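The values are calculated or read from the model by the stated rules, or taken from the named source; none is laboratory data. Just so it is clear, the model here is predicted, and its values are computed rather than measured. Ideal geometry is used to build each Cβ from the backbone, glycine not excepted, and the neighbour counts take in all protein chains shown.
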Amino acid sequence: MPLALLDRLRVVESSAFIAAPLAGLTLAQFGADVIRVDMIGGGIDYNRLPVAPSGRSLYWTGLNKGKRSIAIDLRNPEGRELVRALVGAPGDEGGVLLTNIATPWLSHDSLAVMRRDLVSCTIQGNADGSTAVDYTVNCATGYPLTTGGGSVDKPVNHVLPAWDIACAYQAALAVVGAVDRRRRTGEGAELKLALSDVAFTMLSHLGVMTEAEVLGQERESIGNHIYGAFGRDFATADGKRVMVAGISSGQWAALVRACGVEESMASLAGSMRRDFSREADRYEARDAIAAVFEPWFAARPLREVEQTFEQHRVCWGLYKGVRDLLADDSRVGEGNPVYARIRTQGVGEHLAAGTPVRLSDGARGTTGAAPLLGEHTDEILGDVLGLDSAAIGRLHDRNIVAGADRDPTVSRDAAGGTR
């Protein structure tokens, strides 16, 4: 469900994979008109797993909700000129390019000839222009050596593309900031954002980099313990697993009271000469503390744990799969205005998320489904470039552009026979 915060902004997106499409999705869900430029037949990520029985990528449709799609032969010089014309089209709220595809014909300098106030945002792997993806950046952050019992000999990758996600939101913010400056000064901006810079600057922001430089130490691998305080997973009597957090003093006190281990904890703290009101002391004594809690969890089924924790306002969570999340978690579903049921061609009806940002007045638009390739080709050529139907028809006849009927994952009937 988009918010009408950027409802006059037009962004041309030429992208693949996660960071740039997610940045475009973020802008679209804040109300921007995001126009995806797609290769006729789809780009390198159009069929990426998981896929529906129709062949449509659920990954691609998830990242491109609410955007418009124009399908163009990007190998053809005339097709490339159409893309350049879309970026350079007049209008106070146009002239914005979002891309992670480094190509001379989409360079800022060449496009700025058409619009001096152009705002372009190019996402790179490394700042020197060399190739990198989330997984090849993450291995240099040190986190695989501390994740899940990882080590130098046996690093463990986490499965969430965290740096792509952080990069996407940074890119969206950068675009909004540059557009805001353009409205005030008339100046354009060439923005470049390297995935590796996003990851490594985060190490600085979180103190990890300074810890290594100033203290001369690396983070140790601690499994599912929370660094710097107390928190860990525990097994219940009926085979479920929960995560508890005792980070703040209030959270710690609630956990101790709920489990009825006040005396045991006081005795343990005394024997170890620790003050468990301090986060650092709880962290240092984490294994001994966990040993006190373990029997309490092991003797109780999840239902009893849940009731006790809710009564004492413990900070906790239940490990579950996504199907369980959909089935029984009240935070996900139509009861939460972030979500709505939509119908995506080639996928069917499904739950879809809008922006997680909520306005106090509750105003939200309807989340649009991901388009078919070229679903809006004629509309965009007419509305943005001012081409008439005859000119658009000639582009179709020469295979410079295509409509939804050329989407390879959906039949002509499903596409409605549109061009």
Give the residue, chosen from Ala298, Ala253, Ala280, that is among the small types (Gly, Ala, Ser), touching a residue at least 40 places away in the same chain (Cβ under 8 Å) and within 17 Å of Trp316 (Cβ to Cβ).
Ala298
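State all residues of segment 344-393 that are of a type in the set (Lys, Arg) and either crowded, with 19+ Cβ neighbours inside 10 Å or closer than 30 Å to Gly88 by Cα (or both); if no residue qualifies, say none. Even if it seems obvious, please write down each step before you answer.
Within segment 344-393, the first condition is being of a type in the set (Lys, Arg), and the residues that meet it are 358, 364.
Of everything in segment 344-393, just one residue is of a type in the set (Lys, Arg) and either crowded, with 19+ Cβ neighbours inside 10 Å or closer than 30 Å to Gly88 by Cα (or both), namely Arg364.
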Six or more apart or on different chains, Cβ atoms under 9 Å: show the pairs whose first residue is in segment 8-23 and without any contact (Cβ under 8 Å) to a residue 60 or more places away in the chain and under 12 Å from Val37 (Cβ atoms) and whose second is of a type in the set (S, T, N, Q) and surrounded by fewer than 23 Cβ atoms within 10 Å (Cβ to Cβ).
none
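Kindly indicate whether Arg274 is of a type in the set (Lys, Arg) and either surrounded by fewer than 17 Cβ atoms within 10 Å (Cβ to Cβ) or assigned to a helix (DSSP H, G or I) (or both).
Numbers: of a type in the set (Lys, Arg): yes; either surrounded by fewer than 17 Cβ atoms within 10 Å (Cβ to Cβ) or assigned to a helix (DSSP H, G or I) (or both): no.
When the stated conditions are applied, Arg274 does not pass them.
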For segment 126-172, which residues satisfy the criterion of being of a type in the set (Ser, Thr, Tyr), closer than 22 Å to Glu211 by Cβ and loosely packed, with under 14 Cβ neighbours inside 10 Å?
Ser151
Pull out all pairs, ordered by first then second residue, where Cβ-Cβ is under 9 Å, the residues are six or more apart or on different chains, the first lies in segment 226-248 and is more than 13 Å from Cys315 (Cβ to Cβ), and the second is of a type in the set (Asp, Glu) and buried (at least 17 other Cβ atoms within 10 Å of the Cβ).
Gly228/Glu279
Of (1) without any contact (Cβ under 8 Å) to a residue 24 or more places away in the chain; (2) touching a Phe, Trp or Tyr at 6+ places or on another chain (Cβ under 9 Å), Arg184 satisfies all except one. Which?
(2)
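Out of all the residues in segment 85-118, which are part of a loop (DSSP other than H, G, I, E, B) and in contact with a helix residue (DSSP H, G or I) (Cβ under 6 Å, 6 or more places away or on another chain)? Reasoning before the result, please.
To start, the set of residues in segment 85-118 that are part of a loop (DSSP other than H, G, I, E, B) comprises 89-95, 100-103, 107, 113-118.
Listed by number, the residues that qualify are Asn100, Met114, Arg115, Asp117, Leu118.
Looking only at helices (runs of 4 or more DSSP H) that lie completely in segment 180-261, which have at least 2 residues being surrounded by fewer than 16 Cβ atoms within 10 Å (Cβ to Cβ) and β-branched (Val, Ile, Thr)? Lay out the reasoning, then the answer.
Working: elements: 195-205, 208-214, 249-259.
Here the list reads 208-214.
Out of all the residues in segment 370-395, which are in a helix (DSSP H, G or I) and closer than 29 Å to Gly348 by Cβ? Spell out the reasoning first.
Within segment 370-395, the subset in a helix (DSSP H, G or I) is 377-383, 389-395.
Thr377, Asp378, Glu379, Ile380, listed by residue number.
Only one residue in Leu195, Leu173, Leu191, Leu118 is of a type outside the set (S, T, N, Q) and free of Cβ contacts under 8 Å to residues at least 12 places away in the same chain. Which one? Before you say what the answer is, go through the steps one by one.
Working: Leu195 fails: free of Cβ contacts under 8 Å to residues at least 12 places away in the same chain; Leu191 fails: free of Cβ contacts under 8 Å to residues at least 12 places away in the same chain; Leu118 fails: free of Cβ contacts under 8 Å to residues at least 12 places away in the same chain.
Step by step, each of Leu195, Leu173, Leu191, Leu118 is checked, and only Leu173 is of a type outside the set (S, T, N, Q) and free of Cβ contacts under 8 Å to residues at least 12 places away in the same chain.
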So which residues in segment 379-411 are farther than 19 Å from Ala369 by Cβ and modelled with pLDDT under 90, if there are any at all?
none
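Residues of segment 303-340 being assigned to a helix (DSSP H, G or I) and under 26 Å from Ala254 (Cα atoms), which ones? Give the steps one after another, and end with the answer.
Taking segment 303-340 as the starting set, the residues that turn out to be assigned to a helix (DSSP H, G or I) are 303-312, 322-328.
Residues satisfying the conditions are Arg303, Glu304, Val305, Glu306, Gln307, Thr308, Phe309, Glu310, Gln311, His312, Leu325, Asp328.
Determine, yes or no, whether Ile123 is part of a loop (DSSP other than H, G, I, E, B) and hydrophobic (A, V, I, L, M, F, W, C).
Values: part of a loop (DSSP other than H, G, I, E, B): no; hydrophobic (A, V, I, L, M, F, W, C): yes.
No; evaluated as a whole, the condition is false for this residue.
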Whether any residue in segment 55-68 is in a loop (DSSP other than H, G, I, E, B), under 29 Å from Asp128 (Cα atoms), modelled with pLDDT of 95 or more and under 25 Å from the mean Cα position of the chain (by Cα) is what I want to check.
yes
